[in-house]
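Read-outs throughout are calculated quantities, based only on the coordinates presented, and are distinct from any laboratory measurement. These numbers come from a predicted model, not from an experiment. Heads up, the Cβs are rebuilt from the backbone with ideal geometry, glycines too, and the neighbour counts pull from every protein chain shown.
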Amino acid sequence: MAMEFNQSLKIAASGLKVQSGRMRVIAENIANADSTARTPDGDPYRRKVPTFVSKFDRELGAAKVELGKVERDKADFKLRYEPGHPAADGNGYVKYPNVETLVETVDMREAQRSYEANLNIVTATRRMISRTLEILKA
Amino acid sequence: MAIGDIGLMGALRTRMQWHQARQRVLAENVANADTPHYKAKDLAKPELPAAAAAAVSGAVGGSLGTVRAASVTLAATQAGHLSGNGGSAFKATGGQPFEVRPSGNAVDLEDQMAKSAENQLDYQTVASLYQQSLALLRTAVGRK
C-alpha cells in the first residue's frame, strides 16, 4: 500500500519516456522531409509512425505504457516535376518523402500536451508525498 | 492498542489509502492517453460496511465505523502457491467516457487533470484532519 505513490511516479515516468520517444520519431520525420533517393529507381525517406502499447507491468502491478514498433507510413510518395534532379524518372518526376510538415507539427503539439499532463501527475503526486511527510512535523 | 483501532483514525487512514490508489489509477490513465483501445478507469468511492454505516447514522455515542475494504488476494490451493502482493483493496470502475477517439482511445486529458487536482486537494484535507486528530490525542495524553 505504501508503495502506491512510487507506482504513480513510475507510471507517469513511463508516459514521459514514451512521449519523448514519440518526439524523437517526429524530429526524424521533419528532418527527413526532403530526403530523396539518389537514383531514379530508389525510394525516398518513408515517414515513420510511432505506436503505443499498454503493457501490464507485473512488478509494478499496473498498466504502464511502452513505445511499440515504429511502423512505416504506407501513404504514396509525393511526385514533383524536377527534370534536372539526379533521382528524376524518365518523365522528369522525382519521388519526395510522404511527410507532411503540418501533420508532424500537430503531432508534436499533441506529444507536448501529453508530456505536460504526465508532468502534472508527477507534481501532484510529489505534493501528496510531501503533505504525508508533514504529518510527522506536527 | 494500535492507532488505527480508533474509529476516526482508521477511517481517515483508509481514506488516505484510497486517495493514493486513485492517484495511481489516474497516473495510469494519463500515461496511456495515446494508447489505442485504452479506456480511462477510476476508483469507486470506499463504502461503509453495513454495520458501521448503521453505527454512524444510529444512536448517539455509537462508535464511528471504520471504512475498511476487504483486500482481494489470490487463493492458494497448493503448497507452492505464492500469495502475490495483495493487489489493491479498492474496486476499479469503468466510468462514462467523455469521448472516444477514432483509435478507440477514451482518455480525456482535461478530465484526468481535473480529477488529479481534486484528488490532491482531498488528500491534503484528509491529511490535515489526520494531523489534527493526532494533536487531539497528544492533548489527551497531556503533552503540548
Next item on the list: Could you list which residues have their amide H under 5 Å from that of A:VAL65, counting only those 5 or more apart in sequence or on another chain, with H placed in the peptide plane?
Entry: A:GLY15, A:LYS55
Notebook entry, point to check: Which trypsin sites (Lys or Arg not before Pro) from segment A:58-138 combine a DSSP loop assignment with at most 12 other Cβ atoms within 10 Å?
Noted result: A:ARG58, A:LYS69, A:LYS74
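What FRET efficiency do you get for A:VAL106 and B:ALA117 if R0 is 25 Å and r is their Cβ-Cβ distance, rounded to the nearest 0.05? It would help to have the intermediate numbers written out before the result.
Details: r = 27 Å, r/R0 = 1.07.
FRET efficiency, A:VAL106 to B:ALA117: 0.40.
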Margin query: If I take every Cα pair under 8 Å that is 6 or more residues apart in segment A:4-137, average their sequence separation and divide by the length, what percent do I get for the relative contact order?
Written below: 31 percent
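I'd like the FRET efficiency for A:ARG113 and A:ILE135, computed as 1/(1 + (r/R0)^6) with the beta carbon distance as r and R0 of 35 Å, rounded to 0.05.
0.50
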Checklist line | Exceeding the 30 Å Cα-Cα cut-off - candidates A:LYS10/B:LYS115; A:LYS10/B:LYS39; A:LYS17/B:LYS39; A:LYS137/B:LYS41; A:LYS74/B:LYS41 | finding: A:LYS137/B:LYS41; A:LYS74/B:LYS41
Note to self: Using the Karplus curve 6.51 cos²θ - 1.76 cosθ + 1.60 with θ = phi - 60°, what ³J(HN,Hα) values do you get for each residue of segment B:37-43, in whole Hz, with x for Gly and Pro?
What the structure shows: 6, 8, 10, 5, 10, 8, 9
Next item on the list: Please determine, in degrees from 0 to 90 and to the nearest 10, the orientation of helix A:4-31 with respect to the longest principal axis defined by the Cα atoms of chain A, where the helix direction is its Cα long axis.
Entry: 10 degrees
Item checked: Projected label distance in nm at B:PHE98 and A:PHE56, using a 7 Å step from Cα toward the beta-carbon -> 2.8 nm
Notebook entry, point to check: Once label points are set 7 Å from the Cα along Cα→Cβ at both A:GLU71 and A:ARG127, what is their separation, rounded to one decimal in nm?
Noted result: 3.9 nm
Next item on the list: Any chance you could run the full-extension gain for A:LEU79 through A:ARG24? It's 0.36 nm times the residue separation minus the Cα-Cα distance, nm to one decimal.
Entry: 17.2 nm
